[in-house]
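Undergrad: So that we are looking at the same thing, I have put the structure below in structure tokens.
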Amino acid sequence: MRKALAILPITALAFAPTCSATEVFKDDKNAVEIGGFVDARVIDTQGVTEVVNGSSRINFGFTRDMSNDWKTYVKLEWGVNPFGNSTISYSSESNFETQSGDFLNNRLGYVGLSHDDYGSLTIGKQWGAWYDVVYNTNYGYVWDGNASGTYTYNKSDGAINGVGRGDKVIQYRNSFGDFSMAIQMQLKNSVSDIEDDGSNNPNRLVMTEYDNTYGIGLTYAATDMLTLTAGGNIGEPEGTTIQGDVISETDYIYGAGVTWGNWDSYGLYMAANVNANEFHDTDNLGRFLQEAIGLESIASYLFDNNVKILASYNILEAGDKYEAAHNGDVFKRQFAFAGVHYIWDNSVVFYLEGRKDFSDFSSSDPEKQAAQELSEDDGVAIGVRYTL
């Protein structure tokens, strides 16, 4: 879930869900806040029941008032794994993997400059402009959406193409009445060697390169209850085959979202977003989706007794080009989840969530199909989230 400094000006926050942080220091020029949460859960899925980390994190925010109504600020956030390792773990990026022994991992880190009239400029690892379009459905604690094009490259953090927590991003934000915008450039050079898979395929990739990306996110608060979003992101990944041929494709995604209500307010909340993309994400085997469409949706109701019920449906489906490129393989990630949250004193949440999977990963190769299905399974989890 997206976190932001509550002490930043409205121009820098119009896009973000509400959050809480504790101010630990303030004078006539400087302010310091600490935020984050510890989330512990028991999860049963893939035939395993265990205690796992639920994307626990800690963050620090620093703001300084400058001359002529300017502000400077810094945000630092780390993912925390306080519960140790196990053979199979539910990671902070919403997928199952063998965890390392690291207690901390970098989530966010950026420095910014803002003015109420001129907007804000930030540099560093930060949420991408694309996330403004689709954050409205990303509220499940255990099985948040993996169909919005945010957590790309098999449910990673979206750093590679700048749509999630993008690395090396320069981002400008401003608002004009009920309209706000974010535009960004991701200035980087990422080169990776690919291990030999033992095949004799002459088109086997031995190296990939992904350089700069560009994105935009637009938000319109039509009423106090209705919010509309739209935007896109683009980049150009390249690959070199074992024969020395260079393959270059355009990675793009565009889409729109609609939100009714406020997630943290009593009453009804509903949100949905849709997207179309090419060479933007990968399947569960790491192969590109040549083209795909995605939809995420969520609805919740927060009662006066602080009990919230919620339900979500998500689908990401690759098209005919994917099937043609991979010998007729099908990729359709499709699942629903529902849950109950009890919000105690706005700082502790007890929750129960369950997922039902409807995915289709048909393949003529049983091993590939089994590998695709591994991280897409039914499950149930119960946990507690303690907000700092």
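Undergrad: Could you tell me which of the residues D304, D283 is in contact (Cβ under 8 Å) with a residue 24 or more places away in the chain, among the charged types (D, E, K, R) and surrounded by fewer than 18 Cβ atoms within 10 Å (Cβ to Cβ)?
TA: D304
Undergrad: Looking at the range 363-376, can you tell me whether even one residue there is among the acidic types (D, E), surrounded by 17 or more Cβ atoms within 10 Å (Cβ to Cβ) and either touching a helix residue (DSSP H, G or I) at 6+ places or on another chain (Cβ under 7 Å) or on the phi > 0 side of the Ramachandran plot (or both)?
TA: No - not one qualifying residue is present in the range 363-376.
Undergrad: Oh, and also: (1) touching an Asp or Glu at 6+ places or on another chain (Cβ under 6 Å); (2) closer than 22 Å to A129 by Cβ; (3) modelled with pLDDT of 95 or more: which one isn't true of P9, the others all being true?
TA: Exception for P9: condition (3).
Undergrad: Just the residues that are out of contact with any Lys or Arg (no Cβ under 6 Å at 6 or more places or on another chain) and either of a type in the set (A, V, I, L, M, F, W, C) or without any contact (Cβ under 8 Å) to a residue 12 or more places away in the chain (or both), please, taken from the range 307-319.
TA: Hits for the range 307-319 are V307, I309, L310, A311, I315, A318.
Undergrad: Say we look at the range 291-328 and pick out the residues that are assigned to a loop (DSSP other than H, G, I, E, B) and modelled with pLDDT under 95; which of these is nearest to the chain's Cα centre (by Cα)?
TA: Step one: of the range 291-328, the residues assigned to a loop (DSSP other than H, G, I, E, B) are 291, 303-306, 319, 326-328.
Checking which are modelled with pLDDT under 95 leaves us with 319, 326-328.
Numbers: G319: 23, H326: 27, N327: 30, G328: 29 Å.
Per the criteria, the residue is G319.
Undergrad: Of the numbered conditions (1) within 28 Å of V380 (Cβ to Cβ); (2) in contact with a Phe, Trp or Tyr (Cβ under 9 Å, 6 or more places away or on another chain), E291 fails exactly one; give the number of that condition.
TA: (1)
Undergrad: What is the residue count in the range 325-364 for residues that are over 22 Å from I309 (Cα atoms) and aromatic (F, W, Y)?
TA: 2
Undergrad: In addition: Residue under question is G164, and the condition is that it be touching an Asp or Glu at 6+ places or on another chain (Cβ under 7 Å) and either modelled with pLDDT under 95 or of a type outside the set (F, W, Y) (or both); does it hold?
TA: Details: touching an Asp or Glu at 6+ places or on another chain (Cβ under 7 Å): yes; either modelled with pLDDT under 95 or of a type outside the set (F, W, Y) (or both): yes.
In short, yes.
Undergrad: Which condition from (1) under 28 Å from I170 (Cα atoms); (2) modelled with pLDDT under 95; (3) of a type outside the set (S, T, N, Q); (4) out of contact with any Ser or Thr (no Cβ under 6 Å at 6 or more places or on another chain) is the one that A230 breaks?
TA: Looking at each condition in turn, A230 falls short on (2).
Undergrad: Just to be sure before I move on: is I247 part of a strand (DSSP E or B) and within 21 Å of A147 (Cα to Cα) in the structure I sent?
TA: When the stated conditions are applied, I247 does not pass them.
Undergrad: If a residue must be over 17 Å from the mean Cα position of the chain (by Cα) and surrounded by fewer than 22 Cβ atoms within 10 Å (Cβ to Cβ), how many such residues does the range 159-187 contain?
TA: Here the count works out to 12.
Undergrad: Further question: Looking at (1) surrounded by fewer than 16 Cβ atoms within 10 Å (Cβ to Cβ); (2) under 30 Å from D345 (Cα atoms), which is the one condition that is false for E249?
TA: That leaves (2) as the condition not met.
Undergrad: List every residue pair whose Cβ atoms lie under 9 Å apart, where the two residues are 6 or more positions apart in sequence or sit on different chains, the first residue falls within the range 199-223 and is surrounded by 15 or more Cβ atoms within 10 Å (Cβ to Cβ) and of a type in the set (V, I, T), and the second residue, located anywhere, is at pLDDT below 90 and outside any strand (DSSP E or B).
TA: T208/I194; T213/I160; T213/K188; T219/A14; T219/F15
Undergrad: Identify all residues within the range 292-301 that are over 19 Å from N277 (Cβ atoms), buried (at least 18 other Cβ atoms within 10 Å of the Cβ) and not small (G, A, S); write none if there are none.
TA: I298
Undergrad: With outside any strand (DSSP E or B) and within 18 Å of the chain's Cα centre (by Cα) as the only criterion, which of N284, N262, N275 stands out?
TA: N284
Undergrad: Quick one: in the range 242-262, of everything that is more than 19 Å from A276 (Cα to Cα) and of a type in the set (G, A, S), which residue is modelled with the lowest pLDDT?
TA: It comes out as G244.
The values are calculated or read from the model by the stated rules, or taken from the named source; none is laboratory data. None of these values were measured; they are calculated from a predicted model. Glycine also receives a Cβ, built like all others from the backbone with ideal geometry; neighbour counts cover every protein chain displayed.
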